[in-house]
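Worksheet: the structure to be examined is printed underneath.
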Amino acid sequence: MPATSLDTIVSLCKRRGFVFPSSSVYGGLGSTWDYGPLGVELKNNVKRAWWRSVVHERDDMEGLDAAILMNRLVWKYSGHEATFSDPMTDCRACKTRPRADHVFAAQKGRDPKGLAEINAAIEAKEIACPKCGSKDLTPARPFNLMFRTSVGPVDSGDDSGLVYLRPETAQGIFVNFGNVLDTMRRKLPFGIAQVGKAFRNEITPGNFTFRTREFEQMEIEYFVRPGEDEAAHDAWIAERKNWYLQLGMRKENLRVREQEKHELAHYAKRCVDLEYLFPMGWSELEGIANRTDFDLRAHSRSPENPDAVGELKYFDQEQKKHLVPYVIEPSAGADRATLAFLCDAYEDALVKEPPAEETAKLRDLVESFARSVGRREGMAADVKQRLVSAAEAIAAGLPATLPRLIGLMEDGEAGSIEVMKKVRGVGEKIAEEHTRTVLHLHPRLAPLTVAVFPLKRNDARLVELARSLKRDLQKAGLRAVYDDTGAIGKLYRRQDEIGTPWCITVDFQSLEDQTVTVRDRDSMQQERLKAPELATALTSRLA
Ligand code: GAP
């Protein structure tokens, strides 16, 4: 069973050290997340795979790491100061401030064409506050998404030291176009790639790491001659889609969606979204836009821009004239891609049926838990609703839903209900014996590549051989760990749950002939390989 709710992924991420709520010792900071020991490995592997594919494996790309803080004028001339905003309306009745375009889309069944259309609908009382239903809404106003800060030791109170935390990494690439062109002696077409943090004061962050206020982008600006832009755009759409598929993403979960004219950003001639079927529905994973010559012209000295020091243009040797390149921009989110790979890889399965009387006992307890939550006072309505519907669905589907019960048993809020202790007392043992959770991550993305176990931890010869094998694998550049903290079956289960593709067991035969068992995460098949040849064999499987 793949992950049917984001809660399942959130629960696994917290339980196994992928992602933690940020600043949790002070109660957290809404929609802000920290990547834990396994999460940082996974996300680094996603970024590394992207860099390898778009920089190292191509001859027409360069890399860049521009500063987050940039001259404010960058954002003035890029258009972000004037236009990078969401329309907000205030409900005079309940004092909430919803996003007016979302209210319009939900209630009229289509996206609005602009602020004027939203305000016409507000004035005609055609749309209502999503919280209280009142139609007494103020006209929608744009709310800029850029975070402001100031440079220098004193905040003078005016805007003289104002800078923004960049809302996209792209502008760092545009303003370095001339530097890269000159220093690397590039001819068109060529591109510049960058990975880095971006910040947006999102009005409605949420869905775990899908939409946050601080996130990482993996962006390419690919410069071409005008007229060659449309073919380059199509080529990048195919290339980027293929990247996700090659890293194991299921074809049926990935689709290409053409943005409609009214959705296009102010700079785009055309934009195509790669969408992934997240548990909450089809949502954007990556946008691939044709930004034309908008940005290079915007940052070039002209009557509209007297502040720029020069022009961002290209001397075409063939045509013997200067031209301003067009730009194709594949823009992906590292956090979103990481979340999509996690959702796609997740599977929980019942490996054998528990006895009927155990299932019946557990069902009664889970139903009793749902009733207790329903009666609980002082619990936030959304939490209550989530717990009750999860528990009811689990109770109705047992024993098939046993894997999902694991998530519920580990849910912090569920733990505050007394009867959960009884659910755990019975459920943990049944789940442990009858289920398996696996992350079928591509071996190149998996946080750990290989785990080495001695068959018996109290046999010094097995322990020494296992430890030295682990060291050899580490020296060969593989992410390898040693573990002897449980029985082999339990250790396999732990590694399956975090997506480790291979587990190696050192046993008594290993002492005689230097062979070990290699167990494959997905097929659960075991084979015997020679220990000295292991690093080469596993490295070649990673290629
Ligand atoms: N330079 C173009 C640009 O920034 P975008 O569609 O706004 O385009 C590109 O962002 C990608 O960045 C998105 O497809 C998504 O993967 C990621 N992204 C954007 N906003 C995000 C947010 N608030 N949280 C997480 N990822 C985000």
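The values are calculated or read from the model by the stated rules, or taken from the named source; none is laboratory data. All figures in this text were calculated on a predicted structure; none of them were measured in a lab. Here the Cβ positions follow ideal geometry from the backbone for every residue, glycine too, while neighbour counts run over all protein chains shown.
A compact table of results
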quantity	calculated
Residue in region 453-472 that is closer than 19 Å to residue 17 by Cβ and in contact (Cβ under 8 Å) with a residue 60 or more places away in the chain present	no
Condition met for residue 344 (in contact with a Lys or Arg (Cβ under 7 Å, 6 or more places away or on another chain) and either in a loop (DSSP other than H, G, I, E, B) or within 16 Å of the ligand (Cβ to nearest atom) (or both))	yes
Condition broken by residue 245, with the remaining ones in (1) closer than 26 Å to residue 55 by Cβ; (2) touching a residue at least 12 places away in the same chain (Cβ under 8 Å); (3) of a type in the set (A, V, I, L, M) satisfied	(2)
Test for residue 272: is it touching a helix residue (DSSP H, G or I) at 6+ places or on another chain (Cβ under 6 Å), away from the ligand (no atom under 13 Å from the Cβ), under 23 Å from residue 79 (Cα atoms) and among the hydrophobic types (A, V, I, L, M, F, W, C)	no
Restricting region 124-141 to residues that are hydrophobic (A, V, I, L, M, F, W, C) and in a loop (DSSP other than H, G, I, E, B), the residue that is surrounded by the most Cβ atoms within 10 Å (Cβ to Cβ)	140
Selection status of residue 250, in contact with a helix residue (DSSP H, G or I) (Cβ under 9 Å, 6 or more places away or on another chain), within 27 Å of residue 59 (Cβ to Cβ) and touching a residue at least 24 places away in the same chain (Cβ under 8 Å)	no
Selected residue (criterion: surrounded by the most Cβ atoms within 10 Å (Cβ to Cβ)) from residues of region 410-440 that are hydrophobic (A, V, I, L, M, F, W, C) and either touching a strand residue (DSSP E or B) at 6+ places or on another chain (Cβ under 9 Å) or not in a helix (DSSP H, G or I) (or both)	439
Candidate set from region 1-47 (those that are charged (D, E, K, R) and assigned to a helix (DSSP H, G or I)); member that is surrounded by the most Cβ atoms within 10 Å (Cβ to Cβ)	43
Residue satisfying condition, being modelled with pLDDT of 95 or more, farther than 30 Å from residue 447 by Cβ and more than 27 Å from the chain's Cα centre (by Cα), within set 297, 270	297
Strands (runs of 3 or more DSSP E) contained in region 142-216 and holding at least 1 residues touching a residue at least 12 places away in the same chain (Cβ under 8 Å), over 22 Å from residue 81 (Cβ atoms) and within 14 Å of the ligand (Cβ to nearest atom)	190-199
Among (1) over 30 Å from residue 449 (Cα atoms); (2) in contact (Cβ under 8 Å) with a residue 40 or more places away in the chain; (3) among the charged types (D, E, K, R) - the single one residue 123 does not satisfy	(2)
Residues satisfying the stated conditions in region 277-310, i.e. part of a helix (DSSP H, G or I), within 16 Å of the ligand (Cβ to nearest atom) and farther than 30 Å from residue 207 by Cβ	294, 296, 298
Qualifying residue in region 489-508 (condition: at pLDDT below 95 and over 19 Å from residue 18 (Cα atoms))	yes
Subset of region 240-254 (residues that are part of a helix (DSSP H, G or I) and surrounded by 15 or more Cβ atoms within 10 Å (Cβ to Cβ))	240, 241, 243, 244, 253
Residue 153 being under 29 Å from residue 214 (Cβ atoms), touching a helix residue (DSSP H, G or I) at 6+ places or on another chain (Cβ under 6 Å) and at pLDDT below 90	no
Total residues in region 512-525, condition of a type in the set (Gly, Ala, Ser) and in a helix (DSSP H, G or I)	0
Residue match in region 227-239 (condition: more than 12 Å from the ligand (Cβ to nearest atom), in contact with a Gly (Cβ under 6 Å, 6 or more places away or on another chain) and either aromatic (Phe, Trp, Tyr) or not in a helix (DSSP H, G or I) (or both))	no
Qualifying positions in region 315-341 - within 16 Å of the ligand (Cβ to nearest atom) and either in a strand (DSSP E or B) or among the hydroxyl-bearing types (Ser, Thr, Tyr) (or both)	326, 327, 328, 329, 330, 331, 332, 333, 338
Any hit, region 255-265, residues being in a helix (DSSP H, G or I) and either more than 27 Å from the chain's Cα centre (by Cα) or modelled with pLDDT of 95 or more (or both)	no
Criterion: among the small types (Gly, Ala, Ser), within 26 Å of the chain's Cα centre (by Cα) and surrounded by fewer than 16 Cβ atoms within 10 Å (Cβ to Cβ) - qualifying residue of 109, 114, 79, 63	63
Filtered residue count, region 187-225, keeping only those that are surrounded by fewer than 21 Cβ atoms within 10 Å (Cβ to Cβ), more than 20 Å from residue 59 (Cβ to Cβ) and of a type in the set (Phe, Trp, Tyr)	2
Inter-residue pairs, beta-carbon under 7 Å, first more than 11 Å from residue 328 (Cα to Cα) and aromatic (Phe, Trp, Tyr) and in region 274-294, second modelled with pLDDT of 95 or more and within 12 Å of the ligand (Cβ to nearest atom), 6+ apart	276/283; 276/285; 276/340; 278/210; 278/340; 282/275
Those residues of region 458-511 which are surrounded by 21 or more Cβ atoms within 10 Å (Cβ to Cβ), part of a helix (DSSP H, G or I) and not charged (D, E, K, R), in sequence order	462, 466, 469, 473, 495, 498, 510
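Condition check ((1) among the hydrophobic types (A, V, I, L, M, F, W, C); (2) assigned to a helix (DSSP H, G or I); (3) modelled with pLDDT under 90) across all residues:
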position	(1), (2), (3)
374	no, yes, no
386	no, yes, yes
399	no, no, no
446	yes, no, no
